[in-house]
Amino acid sequence: MSEESEGELEARLPEGESFEPPESFVEQANVTDESIYEEFAENWPDCWERAADMLDWEEPYDQVLDDGDAPFYEWFVDGKLNASYNCLDRHVEAGRGDEVAIEWVGEPTDETRTYTYDELLDEVQEFAAALRDLGVEEDDVVTMYMPMIPELPVAMLACARIGAPHSVVFAGFSADALATRMNSADSEYLVTCDGYYRRGDPLDHKDKADEGLGGVDHGVETVVVDRLGDELEHDLDDDQHDYDDLIGDHAGAEVEPVTRDAEDMLFLMYTSGTTGKPKGVKHTTGGYLSYVSWTSHAVLDIKPEDTYWCSADIGWITGHSYIVYGPLALGTSTVMYEGTPDYPDKDRLWEIVDDYDVTQLYTAPTAIRAFMKWGKEYPDQHDLSSLRLLGTVGEPINPRAWKWYYKHIGDESCPVVDTWWQTETGGMMITTLPGVGEMKPGSAGPPLPGISANVVDMNGDEVEPGEAGYLTVDKPWPGMLRTLYQNDERFIEEYWQEYSDEDADEWVYFPEDGAKIDDDGYITVLGRVDDVINVSGHRLGTMEVESAIVGVEGVAEAAVVGGDHDLKGEAVYAYVITEDGYEGDDDLRERIIEGVEDAIGPIARPEEVIFSPELPKTRSGKIMRRLLEDIANGDELGNTSTLRNPDIVDDIAGKVGED
Ligand code: WT7
C-alpha cells in the first residue's frame, strides 16, 4: 500500500478506535494499578500527599488543602522547602552527583554540553551568589529573556535557590513584549544573551533586549550571556554584566538554599487572554513542584536512569514544567535542544534520539504534522528503539497524526499520552495513564486521578456523551495558579465567574475550552471558546494582535480571527479597514506584518491580511467573528440575516486568498 492510500484509509477510520498500552511498557511502568483512580477519589484531597511525598521538605506541612478563602486555595499549608534543593542538592547528597542532569544539544551539530548534577549545582550556586551581589533579594522578580541555552535553567534554579521568583519571556517575543512584562512585574533584573543560532546564522538577541529595556520605566541590572563568542560583539553598559565574568568572580561559591513557604511564589509566567493585556500567572513552590513531579512520574513515566526529551521551548510553561522542574526534581537526564527540527536536515530530531538513546519524547501536534508531511523516510534513517513513551501537548491532535506518531516514531510499542493542560494548570490534567488506560486517538483521555473535570452546557449542567460543551474543573489541584500577579479581581473574573456559585461557596474553574466526553469518560478537547487562537500550540490573544494592527499608520479598524492551517493548527487572519486616504496595498500589508512582529513577535505574523471596506457587524455593532472565521476557512457561511451589513460578506469572502 502506498503512503497516500494508507494515509487516506487512516483518515477515514471510524472514531472510537482504541489501543491497549503495550505490554512491554506496562511491565516496567511507574503506575500500573487502575485502582489509583478510586484511591484518589476516596481520599481527596489527602491523595495529594502522594505528590508532596515526591519532594524533600524542610518542614512538613500541617494541612494538605486550605479552602477557607476559595478560590484562593492554599496547598501543603506551612510546609517549607526549596525548589533548587529538590532539583539538585538532594540528588548530589544521594551520591548521584556524577549523573547527567542536562544534555544540551546546540543548533550547530558539533556543539553539545553535558552538565552532571554536580556541575549544575556548582554553576547554580555561583550564579545565585552573583545575583545576590547584583542586589537581588528574596521575592524580587528576575526576568529571563533567553533562548534554549543551559544558562536559562541555571538562572531559573539560581533564582529558586535564593527565593527570587523568575519570569521567563520567550526569546521569540518582541522588545515591546519584554518591556510590557518587565513593567507589569516591576522586575529590576534581566538575564539575556548576545544572540543564538537560527538555521546556521547567528541571530542578534541583545539588540532586541536593549530595545525592550528602553521601554522599561525603572532601572534594570542586566546579565548578558555570551552565547555566540566572536561571532557577535556587543558593548556592555555600566548596568550590564557579562555572565562568564560573574561566574568567574564567584567561582566555588556556596549558597544555602533559602527556606521557602509552600505557598511562596516560584515563578510568574505571562500568557495571553481575551483582553490585550497579558496575564501574569502565579505559581508556587510547594504545590507546583509537587504536581509537576507527580505528573512527570505518573504520566511521563520518568525514572532517574532515563534520558528524557521534551522538545518545547523553556520560554513556555511546557518547558518550565517538563524540561526543567519535573524532570530535574525526579533526578533524570533532561535533553535541551537549541535548534529547529529541520536544520541541518529534517531528520535532526531522530538523529538526537538515536545519538542520546532518548527514552521519552514529548512534543506538539504541530511538529508531528510537519514530520508527517516530510515523510517517514526521515525517522526511518535512525534507530529509535530506545524510545519507550511518546507524548503530545498544546492543541488537539487529529487521529491521523496520532497514529502516524504511534506507528512511525513509536513502532507501535510506545504508549502515546495526549496531555491536556494550560499555563494556568501548572501541569497535566487530562490524559491517559500510560501504564493503565487504553488510548483513543484524538481524545486526551480521562481526567488524571484526583482531578475532577466535566463537560457542561451553558448552565453548568453536564452534557450527554458525544455532545459538545464546555470544559470545567470543579475541584482544586496542587499545581493550579494561585492568582494573576497583583490582580486578584481579574483572576476571579477570568477563571471562576462563569460557573461558580459564590453564595454556596462552590467554585468551578473554567479553562475556556470546548470539549466533549464519551461513555468511558474520555474527554476530547475541541479548542478555545474565547478570543484566543492557538498557533502552533501557542496562545495568542486576538485583541493583542488587533491592537498591534490598529497601531499601524493608515489602519482604521481591525478584526483578527483564527483560520485552520495544515501545519500550525490555526493561523492569524487579519481583516483590516484602512483610514481615508490610505490604500489597502502591499506597502500597508508589509507595514501591518511588521507592526505585529514588533509588538508581539514572528509567531503572531498574519497568514493573510484582508482589506475590506467594512466588517460584518450585528445590529448592536458587535463584529461577527464566527463569520470571519468561516470566511477564513472557506466554509459555508452561516446565517447572515442578523447583520447590519449583510452585503459585505460576499465582498470580503472574495478577497481571501488574494494576496
Ligand atoms: C491551551 C493552553 C499546556 C502547555 C501548552 C499550551 C490547548 C493544550 C491540549 C491538548 C487539546 C490542548 C487548550 C488549552 N491545549 N493541550 N492535549 N488537546 N488542546 O499551554 O499556552 O497555556 O495553552 O492549549 O486550548 O486551553 P497554553
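The values are calculated or read from the model by the stated rules, or taken from the named source; none is laboratory data. Given the structure is predicted, the values throughout are model-derived calculations rather than measurements. No Cβ is skipped: glycine too gets one built from the backbone with ideal geometry, and neighbour counts run over all protein chains shown.
Side notes on the structure shown:
- Flag if Arg50 is farther than 18 Å from Lys282 by Cα, in a helix (DSSP H, G or I) and at pLDDT 95 or above: yes
- Residues that are under 17 Å from Asp301 (Cβ atoms) and not in a loop (DSSP other than H, G, I, E, B) within the range 389-414 comprise Leu389, Leu390, Gly391, Thr392, Val393, Tyr405, Tyr406, Ile409, listed in sequence order.
- Condition met for Asp342 (away from the ligand (no atom under 16 Å from the Cβ), of a type outside the set (Val, Ile, Thr) and more than 30 Å from Leu526 (Cβ to Cβ)): no
- Given (1) within 16 Å of the ligand (Cβ to nearest atom); (2) within 27 Å of Asp647 (Cβ to Cβ); (3) out of contact with any strand residue (DSSP E or B) (no Cβ under 7 Å at 6 or more places or on another chain), index of the condition Lys622 fails: (1)
- Contacts under 8 angstrom Cβ, first residue in the range 525-541 being closer than 18 Å to Lys279 by Cβ, partner among the aromatic types (Phe, Trp, Tyr) and outside any strand (DSSP E or B), 6 or more apart: His538/Trp316
- Screening the range 577-606 for residues that are aliphatic (A, V, I, L, M) and in contact with a Leu (Cβ under 8 Å, 6 or more places away or on another chain) and picking the one that is nearest to Leu628 (Cα to Cα) gives Ile577.
- Positions within the range 383-433 being within 8 Å of the ligand (Cβ to nearest atom) and touching a Lys or Arg at 6+ places or on another chain (Cβ under 8 Å), in sequence order: Thr423
- Residue check, Gly319 modelled with pLDDT of 95 or more, within 16 Å of the ligand (Cβ to nearest atom) and among the small types (Gly, Ala, Ser): yes
- Hey, Ile314 within 26 Å of Arg198 (Cβ to Cβ), in contact (Cβ under 8 Å) with a residue 24 or more places away in the chain, more than 12 Å from the ligand (Cβ to nearest atom) and part of a loop (DSSP other than H, G, I, E, B) or not: yes
- Filtered residues of the range 265-293 (kept if within 16 Å of the ligand (Cβ to nearest atom), within 21 Å of Leu448 (Cβ to Cβ) and not in a strand (DSSP E or B)): Tyr288, Tyr291, Val292
- Any hit, the range 75-91, residues being within 17 Å of Ser296 (Cβ to Cβ) and surrounded by fewer than 24 Cβ atoms within 10 Å (Cβ to Cβ): yes
- Only one of Asp598, Asp531 that is surrounded by 20 or more Cβ atoms within 10 Å (Cβ to Cβ) and farther than 26 Å from Pro341 by Cβ: Asp531
- Applying the criterion of being over 30 Å from Ser293 (Cβ atoms) and assigned to a strand (DSSP E or B) to the residues of the range 478-525, the residue that is nearest to the chain's Cα centre (by Cα) is Gly514.
- Among residues of the range 76-85, those that are over 16 Å from Phe267 (Cα atoms) and either touching an Asp or Glu at 6+ places or on another chain (Cβ under 6 Å) or in a strand (DSSP E or B) (or both), counted: 4
- For the range 505-549, residues that are within 19 Å of Asp457 (Cβ to Cβ), near the ligand (Cβ under 10 Å from one of its atoms) and not small (Gly, Ala, Ser) total 10.
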